[in-house]
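This report refers to the structure that appears directly beneath it.
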Amino acid sequence: MNVKRIVRKLTDNDYVFTIFTKVMAVFIGLIASSYSNRFLGPQLKGELGRISSMLSIVAVTANFGLYQPYPYYKRMKEPDVTDKFLRIFLLQFLCYTVLGIMGTVVFHSFELTAVCLLAPIQVLANQLSFMMMVEDVKFKNAIFFTARITNTLITVLAFYTMDKTIIVALALVVVGDIITVVMSLWRMKKLPNPFKADLRFAAKIVPFGIVSMITTLMLTLNYRVDTLMMGYMFNVPDVEIGFYTLGVSLSEYGWLIPDAFREVLFSRTAKDDAIDEVTMSMKVNFYLTLLMIAGILILGRPVIALLAGKAYLPSYPVTVLLMAGIIPMSYFKIIGTLLLAQGKKGVYLGMLTGSVVVNILCNLFTIPLWGKMGAALSSVISYSLAGGLFLVYYLHTYHIPFKNVFLFSKEERDQLMNKLFALKRKFAH
């Protein structure tokens, strides 16, 4: 069988291709992580973690959530919807670039200067990545895959040829954003004039977008607030933050399966509710994620020693603790796609905000007591609350028995087996 035929068979099914790209990204990411962690060391990695967390918060806030209404308006058949959103995004990028350059003159802080310069491209990359997830989930994964490979190659080059500085580390961060922007615009074959942006339409989606911005901000805080609080509130040493950051990075491989289902379901629920598909996705995700978690727990310590060095072994307990929050949070990721497509921002935001508040309150007590392990514990509590709230809401709203999220009916088992056999036959021929 030639390579072209294998590639075609892998790309026939959105779920198979998405999961395939995520799994391949694990192996590529491990190589990049090996060189990156050794290049930075715990101290510099902790500093980068603080700046990256601040950058994420700023980028989300500057976004105003204007990309989030895109699947809703697409579902409502809004005329010229893609061009309308693109013009607004490009206009934002130009305005933020000007403001960022001005900020570098005003602020006398390296960290704030870095955020000012990097935020505009990260805002645009997030917007275009979201659009591609709705328009063409396969190509979105191709972008993700390309960005990972490129970042890995540049990281290896930096390891052998460059000095260990925070500037080089930040440059490696922005590579993926640049690739996302270039490939997305190339795929859509559109570069509309930003100065012809429909400001009336922008004003129309601002209220929807503000709610989305707050929602995404809450989501980002749920992932980043622990690092920010350790670095800026409790003055936890950068080395400890570096250990924590690596532990979080390793645990995030547990998100690969839920994220794969989430991305495909964004495309599906943009057209209709697809309740049966959402429920089936949760079931398959549960068992695949259990396998992923088991692999991370078994291989985590040797992987850290091999790919980052023994100096990073204090990261492993953080990874182990964070694993407890992976499956609960997967329900948030999967069910959230349906709520966003339905425009139920209030419900989504309310449950998520409760989770963030709990995270912050817990961190106030756990970080002073247990440092990085306290931050990990707070994250697990927050993830469990978010996932639990979303799951209870979903089961209650759509009258789905609790067991249906975990147990396959005979018809579903037969359906899965038929698909597996069909996939096997494709590769056999």
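Remarks
- Residue within the stretch 237-252 that is touching a Phe, Trp or Tyr at 6+ places or on another chain (Cβ under 6 Å) and either surrounded by fewer than 16 Cβ atoms within 10 Å (Cβ to Cβ) or under 29 Å from Ile51 (Cα atoms) (or both) present: yes
- None of Ile296, Ile257, Ile275 is in contact with a Gly (Cβ under 9 Å, 6 or more places away or on another chain) and β-branched (Val, Ile, Thr) except Ile296.
- Total residues in the stretch 299-334, condition within 26 Å of Leu349 (Cα to Cα) and polar (S, T, N, Q): 1
- Selection from the stretch 64-107 of residues that are among the hydroxyl-bearing types (Ser, Thr, Tyr) and open to solvent by 20 Å² or more (accessible area, probe 1.4 Å): Tyr67, Tyr72, Tyr73, Thr82, Tyr96, Thr97, Thr104
- Test: residue in the stretch 168-186 that is part of a helix (DSSP H, G or I), aliphatic (A, V, I, L, M), touching a residue at least 24 places away in the same chain (Cβ under 8 Å) and open to solvent by 70 Å² or more (accessible area, probe 1.4 Å): yes
- Scanning the stretch 332-352 for residues that are assigned to a helix (DSSP H, G or I), within 16 Å of Ala274 (Cα to Cα) and of a type in the set (Gly, Ala, Ser) yields a count of 2.
- Flag if Ile143 is under 24 Å from the mean Cα position of the chain (by Cα) and either surrounded by fewer than 16 Cβ atoms within 10 Å (Cβ to Cβ) or at positive phi (or both): no
- Some residue of the stretch 281-296 being within 30 Å of Met54 (Cα to Cα), buried (at least 24 other Cβ atoms within 10 Å of the Cβ) and within 18 Å of the chain's Cα centre (by Cα): no
- Thr61 being open to solvent by 20 Å² or more (accessible area, probe 1.4 Å) and without any contact (Cβ under 8 Å) to a residue 12 or more places away in the chain: no
- Residue in the stretch 231-238 that is polar (S, T, N, Q) and at pLDDT below 85 present: no
One line per residue, one yes/no per condition, for (1) open to solvent by 50 Å² or more (accessible area, probe 1.4 Å); (2) basic (Lys, Arg); (3) over 20 Å from the mean Cα position of the chain (by Cα):
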{"residue": "Leu364", "(1), (2), (3)": "yes, no, yes"}
{"residue": "Trp370", "(1), (2), (3)": "yes, no, yes"}
{"residue": "Ala376", "(1), (2), (3)": "no, no, no"}
{"residue": "Gly387", "(1), (2), (3)": "no, no, no"}
{"residue": "Tyr393", "(1), (2), (3)": "yes, no, yes"}
{"residue": "Tyr398", "(1), (2), (3)": "yes, no, yes"}
{"residue": "Phe402", "(1), (2), (3)": "yes, no, yes"}
{"residue": "Phe406", "(1), (2), (3)": "no, no, yes"}
{"residue": "Lys410", "(1), (2), (3)": "yes, yes, yes"}
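- Scanning the stretch 341-357 for residues being open to solvent by 10 Å² or more (accessible area, probe 1.4 Å), in contact (Cβ under 8 Å) with a residue 24 or more places away in the chain and either aliphatic (A, V, I, L, M) or touching a strand residue (DSSP E or B) at 6+ places or on another chain (Cβ under 7 Å) (or both) gives a total of 3.
Conditions tested, residue by residue: (1) under 30 Å from Met280 (Cα atoms); (2) touching a residue at least 12 places away in the same chain (Cβ under 8 Å); (3) outside any helix (DSSP H, G or I); (4) of a type in the set (Gly, Ala, Ser).
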position	(1), (2), (3), (4)
Phe201	no, yes, no, no
Thr227	no, yes, no, no
Ser251	yes, yes, no, yes
Pro258	yes, yes, no, no
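The values are calculated or read from the model by the stated rules, or taken from the named source; none is laboratory data. Quick caveat, the model's predicted, so the values are computed rather than measured. Cβ atoms come from the backbone with ideal geometry, glycine included; neighbour counts cover every protein chain shown. Ligands, DNA and RNA are excluded from the accessible area calculation, which covers all protein heavy atoms including side chains. Shrake-Rupley method; radii C 1.70, N 1.55, O 1.52, S 1.80 Å.
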